[in-house]
Amino acid sequence: MIKTNNIPQHIAIIMDGNGRWAMDRGLDRTFGHKAGLDNLETVTTLCSNLGVKYLTVYAFSIENFNRPAYEVEALMGLVLSFIKMDLFHNNNVSFHVAGDRSRLPQNVQDKLRSMEEETAMYDGMAMTIAMGYSSKQELVSATKAIAQKVLNGELSADDITEQTINDHLWTAWMPDPDLLIRTGGEVRVSNYLLWQIAYSELYFCDTYWPDFDEACLHKAIESYQQRQRRFGKTEAQVESEALPLNENDN
């Protein structure tokens, strides 16, 4: 049973296993991607209902452009039709994109921008799709932007901090993930939010993404809630800080 007072504020997901889900059923891999996007609607609603504030999902990496052309084309087509707008309207969810949009077809760029604009007023959960995303390229982009500011005299090299880098990432406006979930049985992070997950709790499961249901989500959150997040401190320090103050200590 999950504790409703300790829900991760930000959940990031690597939605893996769509192609294998389809192949196990004798279907083309593109059917798995369709099923995966359908399931994203379900999981978005579940997370919103639980009180998650940020949901960030890995939909398409820059490296995915190396897949067979027909599969890439099919994925782009699915993006144009995925997730009904009622999902956002009914759940007070805003839609966002992280990644290098210039690599995406123009009609996909236009669709994503339209969805962002149409849901901008919602202040419940923020759902972000990483499209054309590469964490290494994100860091390269941030480095170039910071270097240009130094060249322009807008910033001193000595003033560059972790926050400076944070402020130039594609995810600058959101907090780092508390929990990273990867479905599909692989145990790696695949160039996803490398800077942001430095202190995230990681959860891997064998379930293919189209089958990742409410019970699977609860199991991942339960695992998160059983862990002690220390952020470099000792267990004793964390436990001491969690103790309620004695009245005489006020």
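What is the number of the single condition among (1) surrounded by fewer than 13 Cβ atoms within 10 Å (Cβ to Cβ); (2) out of contact with any Leu (no Cβ under 8 Å at 6 or more places or on another chain) that residue 109 does not meet?
(1)
Quick check on my filter: what residues within region 126-180 are charged (D, E, K, R) and either assigned to a loop (DSSP other than H, G, I, E, B) or open to solvent by 60 Å² or more (accessible area, probe 1.4 Å) (or both)? Give the steps one after another, and end with the answer.
Within region 126-180, the subset charged (D, E, K, R) is 136, 138, 144, 149, 154, 158-159, 162, 167, 176, 178.
Answer for region 126-180, where residues must be charged (D, E, K, R) and either assigned to a loop (DSSP other than H, G, I, E, B) or open to solvent by 60 Å² or more (accessible area, probe 1.4 Å) (or both): 136, 144, 149, 154, 158, 159, 162, 167, 176, 178.
Cβ contacts < 6 Å: first residue closer than 10 Å to residue 93 by Cα, restricted to region 109-123; second residue in a helix (DSSP H, G or I), any location; separation 6+ or different chain. Result?
119/88
In region 66-104, which residues are part of a helix (DSSP H, G or I) and of a type in the set (A, V, I, L, M)?
To start, the set of residues in region 66-104 that are part of a helix (DSSP H, G or I) comprises 66, 69-81, 85-91, 101-103.
Within region 66-104, 69, 72, 74, 75, 76, 78, 79, 80, 85, 87 meet the criteria.
Which number in (1) without any contact (Cβ under 8 Å) to a residue 40 or more places away in the chain; (2) among the hydroxyl-bearing types (Ser, Thr, Tyr); (3) in contact with a Phe, Trp or Tyr (Cβ under 9 Å, 6 or more places away or on another chain) marks the one condition that residue 141 misses?
(1)
Looking at region 201-208, is at least one residue at pLDDT below 95, closer than 26 Å to residue 7 by Cβ and not in a loop (DSSP other than H, G, I, E, B)? Lay out the reasoning, then the answer.
First pass over region 201-208, keeping only residues at pLDDT below 95: none.
Within region 201-208, not a single residue is at pLDDT below 95, closer than 26 Å to residue 7 by Cβ and not in a loop (DSSP other than H, G, I, E, B).
If the Cβ limit is 6 Å and pairs must be 6+ apart or interchain, which residue in region 72-91 that is more than 13 Å from residue 40 (Cα to Cα) and at pLDDT 80 or above pairs with which residue that is part of a helix (DSSP H, G or I) and among the aliphatic types (A, V, I, L, M)?
76/108
Considering only residues that are open to solvent by 60 Å² or more (accessible area, probe 1.4 Å) and in contact (Cβ under 8 Å) with a residue 60 or more places away in the chain, which ones fall in region 25-51?
38, 42
The values are calculated or read from the model by the stated rules, or taken from the named source; none is laboratory data. A quick note: this is a predicted structure, and the numbers were derived from the prediction, not measured. Positions of Cβ are backbone-derived with ideal geometry, glycine not excepted, and every protein chain shown enters the neighbour counts. Ligands, DNA and RNA are stripped out before the accessible areas are found, and what is left, the full protein with its side chains, is counted by its heavy atoms. Shrake-Rupley method; radii C 1.70, N 1.55, O 1.52, S 1.80 Å.
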